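What follows is a single structure, written as structure tokens, with notes after it.
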Amino acid sequence: MTSEPKWSPDPAGVYFSDYFGVSPEVLEEYGALDISLHADLPLFIDPFLAFNSTKVEHQALHNQIIDYLRFLRDKAGTSGLTDGLIKNLYSFKEVKQNWLGFTVDGNDGKGLGPSFARSLHSAVGDVLGNFGNETITESSHLEKVALIQDGVGRDNISDFTTNLIKHYLLKFTAGFAKAYLTGDQVKTISVPRSVFNYTTETWATETFALPWVGERPSADGRLLPADYVLLSPLDLLTKDDTWINQGDMVARFDHLPDALSNDQTRAQVDNYFNKVLATNPSPKETREARIKTLKAFPELVDHYIALKEDDRDQAVAQAFEKTLGTIAQMRDQVQALAADLRAKTDLFADPWSSYDEAKKAVATFKDYVEKMDGYKLLNPKNGTRLAKEADVHLFFGLLLQPSRFDVNREPNNGRGPVDFKVSAGAFDKTLIEFKLASSTSLKRNLLNQVEIYLAANNTLNAVKVVVIYTSREAAKVKRVLDEIDDATGQKSGTAASTVVVIDARSDNKVSASKA
């Protein structure tokens, strides 16, 4: 059955609900995330949520992931890691059609290449040696690969999981399209590497009728290519790290040996750790010693996973809260504030042209945050979800999306990525760099970082932006700017005139609706 769209589809819409004219409530009721079709949202699929799900189909996904890793384990015992094996079994392109991850502009990620393949292959014969036959944990877990293996991180686990459950995401999305979209919004697509065939040991292609998005302009003036869209289930998503993760395991290291039942093994762990720990160790050296010990005693890794299994209910609650918070900020607030920004300012009246227009855009954003309730996007009054630097970049870009400015986000010219580069032709370029006042390297970055980027981009123009959340940070920024003037021999206040400070404090604002 096809329902009537709540709104008319908007080809220029930022979000799935806008573009296809479907109510966000319909997506939520179906259990799907309302994704942005212009920039990835910083959410990830956590395989532990599939393991802990009450839904049979999600539990089946976890089992399928484990089956594939068992297959890789058995395969690793019979053959070396040839180029053909890497390409067929270990390497995957990012499933960019789900619009999740860390890409600031668009949805093109790195995918899982040879480095991940070798790390996974090494883990199969090392930390995953007892994979599928664990006695300490309730189940096997894909995340185990990332616990002590270099080259495997949260985004790798999410990408790998997404590829292994791709067939389910395709069916999930096709089901929504059949129920809620019209025929002209859907296209039948043959999707390669949809499902693994264990008989032929190859990835097979399957055909699905999926939501189709046409070409549309991106923030930097490029045309985003036409492509199908994949929806993701809300209850498999989390914002930060996976529930089972290396940082948490290393932080709990001191408690893990207590779980060992054998006194002799505990003594061996303590002896080994003290042996590899440097004298007067730094935090980094302590962390490295802990990881070496975990590699030497994989049983500790299983005990950590068992602890996380015991706390499984917290995994669901935390993931749900973080996902809802991201939706509230990235979709609901951005949509409302972008409309507000267009109504209250003239930012979109003319296209950008390098330095003057970059300054105008930042000044408008500053004015909006400080005087028009825009601070609520970066710093809600309850202070529970202060926008991180990456969030500020995304908010700035999404809010300015309708301007169609010629800007390149986070271009890397060999000296590290700058946040934004605004350009009008090859010779008129301006850089925009955002920093949070809380950064411990604020002074060094303001003094040196942008200058390095300026040289790399062959331009003299830059707008430096610092976001403050508290009165203490405001005082810190004033002190830093004065110190920069002293260090550079400039007149007092020079640094302040070349740095835009955005006051996103919530405790010193009067709501625009009450002013």
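The values are calculated or read from the model by the stated rules, or taken from the named source; none is laboratory data. What you see is a predicted model; the values in this text were computed from it and never measured. Cβ coordinates were reconstructed from backbone atoms using ideal geometry, including for glycine residues, and neighbour counts include every protein chain displayed. All accessible areas refer to the heavy atoms of the entire protein, side chains included, with ligands and DNA or RNA removed. Shrake-Rupley method; radii C 1.70, N 1.55, O 1.52, S 1.80 Å.
For the reader, a short list of remarks on this structure follows.
- Wholly enclosed strands (runs of 3 or more DSSP E) of the stretch 399-515 bearing at least 1 residues in contact with a strand residue (DSSP E or B) (Cβ under 8 Å, 6 or more places away or on another chain) and at pLDDT below 70: 407-409, 420-423
- The residues in the stretch 248-297 that are in a helix (DSSP H, G or I), among the polar types (S, T, N, Q) and open to solvent by less than 50 Å² (accessible area, probe 1.4 Å) can be counted, and the count is 3.
- Scope the stretch 38-63; condition modelled with pLDDT of 90 or more and not in a helix (DSSP H, G or I); matching residues: Lys55
- Candidate set: the stretch 1-37, residues that are among the aliphatic types (A, V, I, L, M), modelled with pLDDT of 70 or more and out of contact with any His (no Cβ under 9 Å at 6 or more places or on another chain); chosen: the one surrounded by the fewest Cβ atoms within 10 Å (Cβ to Cβ): Val26
- Of residues in the stretch 341-381 being open to solvent by less than 20 Å² (accessible area, probe 1.4 Å) and more than 20 Å from Val499 (Cβ to Cβ), the one modelled with the lowest pLDDT: Leu347
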